[in-house]
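Below: one structure, written as structure tokens.
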Amino acid sequence: MLQTDNIESLRERVAAWRAAGARIGFVPTMGNLHAGHLKLIEVARGQCERVVASIFVNPLQFGPNEDFTRYPRTPGADCAALEHAGVDLVFMPSVETMYPRPLAQLTRVSVPQLGDMLEGAHRPGHFDGVSTVVARLFNLVQADVAVFGEKDWQQLAIIQRMVDDLGWPIGIVGVPTVREADGLAMSSRNGYLSAAERAVAPRLARTLNEMAGLLRAGEHDYAALERATCAVLAEDGFRADYVSIRRPDLHAPERGDTQLIILAAAWLGSTRLIDNLPISLGPVSLE
Ligand code: PAF
């Protein structure tokens, strides 16, 4: 596996692969890789002859009081895992390489509305940081396909919208959330949990599953269900930022919708967890 922090070598290598007829898959990450990331690599490998991954903890997507400085950085273990997973090249740029001018002067990409709700409402500027870094990475890597986890459902929707709006010739692929055996969605931030919090954390996914059961049973007072779910989470020791039932495109649902998604963000101590659960309320097929 090739490793570089240099834009020219990245471009030369990808151009050579492309000239040889290879399709290029791209998996952007912030490192501290877990099985969820490795699933993204597997999907990229299934669709492309060459796979590029990036590791970059993007300062632009962290708020002033968020965990940028303590975000786990494990480049040695990450590179070993990427090599084992069959990645062809890992791009690990410095902040100066990614952002050659002061951040205040930087051109930014912003996806309005989709980027302002839910996570965006609780983390102002977060999605501008995500879309800006992903836009720059897409332009540097020039991949045919980029693969993202559905755990960050809103991020995936925003990136798809950005690519549609800007007309970029790159396919965006979403991959279902990978979970621990007890249901907790895999996340680099799970490592912040104390042992006691880790024991409680799967209750977030469990509570969303219970909520889905009520929706399947015909509950249609979404606002009441969201409030009740926040109360259940509070009893378990969570402090919910939001629990929200939406259409998969994140618009507000209407009665009769059969495809919904429940999205949630909740604090457990000083760790913020997010999760979501897509659900189908369609009629059960007897076939
Ligand atoms: O999902 C992530 O890890 C990050 O938001 C991403 C897409 C790598 C951008 O920094």
From Cα pairs below 8 angstrom and at least 6 apart in sequence, can you work out the relative contact order of the chain, rounded to a whole percent? 16 percent
Starting from the range 1-87, pick out the trypsin sites (Lys or Arg not before Pro) whose DSSP state is loop and whose Cβ has at most 15 other Cβ atoms within 10 Å. Arg70, Arg73
Taking a ≥ b ≥ c as the square roots of the Cα gyration tensor eigenvalues, with a/c under 1.5 meaning rounded and otherwise prolate when a/b beats b/c or oblate if not, the range 167-248 comes out oblate
About the Cα centre of the chain, how large is the charge dipole given +1 on each Lys and Arg Cβ and -1 on each Asp and Glu Cβ? Please answer in debye to the nearest 20. 380 debye
Non-local residues with an amide H under 5 Å from the amide H of Phe26, with H modelled 1.01 Å from N and Pro and chain starts lacking one, are Val52, Val145, Ala146, Val147
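With r defined as the distance between the Cβ atoms of Ala224 and Leu2 and R0 fixed at 41 Å, what FRET efficiency is calculated, to the nearest 0.05?
FRET efficiency, Ala224 to Leu2: 0.15.
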If the viscosity is 0.890 mPa s and the temperature 25 °C, what translational diffusion coefficient in µm²/s does Stokes-Einstein give for the range 206-278 when Rh comes from Kirkwood over Cα pairs? 198 µm²/s
How long are the three semi-axes of the equivalent ellipsoid for the chain, computed from the Cα gyration tensor as the root of 5 times each eigenvalue, in whole Å, largest first? 33, 21, 19
Considering only His34, Asn209, Val52, whose Cα is most displaced toward the positive end of the charge dipole of the chain, charges sitting on Cβ of Lys, Arg (+1) and Asp, Glu (-1)? Val52
Could you give me the ³J(HN,Hα) list for the range 91-106, computed from phi with Karplus coefficients 6.51, -1.76, 1.60 and θ = phi - 60°, whole Hz, x at Gly and Pro? 9, 10, x, 7, 4, 5, 5, 6, 10, x, 10, x, 4, 5, 9, 6
Nearest 10 degrees is fine. How inclined is helix 75-84 to the longest principal axis of the chain, computing both from alpha carbons? 90 degrees
Given 0.36 nm per residue, what is the gain on full extension from Arg23 to Leu166 after removing their alpha carbon distance, in nm? 49.4 nm
Largest first and in whole Å, what are the equivalent-ellipsoid semi-axes of the range 88-185 based on the Cα gyration tensor, each being the root of 5 times an eigenvalue? 22, 18, 15
By how many nm would the segment from Ser110 to Ala35 lengthen if fully extended, with 0.36 nm per residue of separation less the alpha-carbon distance? 24.0 nm
Of the candidates Tyr71, Val243, Gly125, the farthest towards the positive dipole end of the chain (Lys/Arg Cβ +1, Asp/Glu Cβ -1, centred on the Cα centre) is Tyr71
Linear extension gain, Arg247 paired with Arg179, 0.36 nm per residue minus alpha-carbon span: 22.2 nm
Using Cα atoms only, what is the angle between the long axis of helix 7-19 and the major principal axis of the chain, expressed in degrees (0 to 90) to the nearest 10? 90 degrees
Mind checking which of Pro253, Pro102, Pro59 has the largest fluctuation in a GNM of the chain, springs on alpha carbons under 10 Å? Pro102
From the Cα centre of the range 58-75 to that of the range 179-258, the distance in Å is 25 Å
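No value in this document is a laboratory result; all are computed from the given coordinates. Everything numeric in this text was worked out from a predicted model, so none of it was measured. Ideal geometry is used to build each Cβ from the backbone, glycine not excepted, and the neighbour counts take in all protein chains shown.
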